[in-house]
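A quick write-up on the structure given underneath.
The values are calculated or read from the model by the stated rules, or taken from the named source; none is laboratory data. Computed from a prediction, not measured in an experiment: that's the story for all the values here. Here the Cβ is made from the backbone with ideal geometry for all residues, glycine too, and neighbour counts use every protein chain on show.
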Amino acid sequence: MIKRINKPAWFLTPYIVLFTTFIIVPVLIAVGLGFTYFNTIETPEFIGLKNFIELLTRDEIFMQYVLPNTIKFAFIVGPVGYLMSFLLAWMLAQIPHKPRTVLAIILYSPSMTAGIAMTVVWTVLFSGDSTGYLNSILLEIGLVQEPIQFLTSGDYLMTIMIVVSLWGSMGVGFLAMLAGILNIDQSLYEAAYVDGMKNRWQEIFYITIPAMKPQMLFGAVMAVVGTFQAGAIGVMLSGANPTPQYSGQLIVNHIEDYGFIRYLMGYASAISIVLLLLVYAISRVTFKLLGNRD
């Protein structure tokens, strides 16, 4: 009996149970509901591909605003945030331990408090009246004659969302990259300089990046998942769902709109399936670029 309990598989049981309960089962339920009409009150009615056909051919909000907004947001915040994470992690690795620890905490903390900071800091900064910090400065120096409605204008909301997201993008991917750089064998750099390596750029491209590919891959996957699943940013900044003029409406907001405001869970599930396929496809591309073929 003791030998059976001590088998390594038993240590995976809690993870398997939790992963199955909170990931696999909800995904399977969502996939099933995506092929039904379900208004949360009546019994789900199987309708085949009607939800997907309506989403791709009749849902003008999704095709004109939500999908382009999501792609634009993800392809700016994801790569830029990923590049920033690597560069900041590399720069921190060049300084002594104590200041590095302090700076790492400072850079990482916005990712933990991003939701609170959005409602407290950023909304005050971009407030659409004269008490907003940015409007107050612009009025004071005479660049504008009246306050700009930053958070309720379709011209500014997406840009502000991108700025806020980049500010809070130094998450676990950043920490993984920092750990990967710090764990590289320093003798590799010494040997490379002996063999003719001349500058830091060669050091980064020929030693650092190849030696920390697992951490680079992890950071890339986290960036992809995080940016495509972002949705609260536009709603919290503007205070409305849908966001003003749909300018900050992302695919997650569209799911919440249909699932928890209109209670069309079948249609919301179909949208979530599209989101899942987008994340999977880009994650596969990321793995091809950064994954270890061995």
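Which of the helices (runs of 4 or more DSSP H) contained wholly in the range 39-154 include at least 3 residues that are touching a Cys at 6+ places or on another chain (Cβ under 6 Å) and within 30 Å of Leu217 (Cα to Cα)? Show your work before the answer.
Working: elements: 50-57, 67-92, 97-112, 114-117, 133-140.
Where helices (runs of 4 or more DSSP H) fall fully within the range 39-154, none carries at least 3 residues being touching a Cys at 6+ places or on another chain (Cβ under 6 Å) and within 30 Å of Leu217 (Cα to Cα).
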Report task. Just give me the residues in the range 82-103 being surrounded by 14 or more Cβ atoms within 10 Å (Cβ to Cβ) and either modelled with pLDDT under 90 or among the charged types (D, E, K, R) (or both), in sequence order. Result -> Arg100
Query raised in the report: Would you pick out the residues in the range 196-227 that are crowded, with 18+ Cβ neighbours inside 10 Å and within 18 Å of Leu92 (Cα to Cα)?
Result: Ile207, Thr208, Met212, Gln215, Met216, Gly219
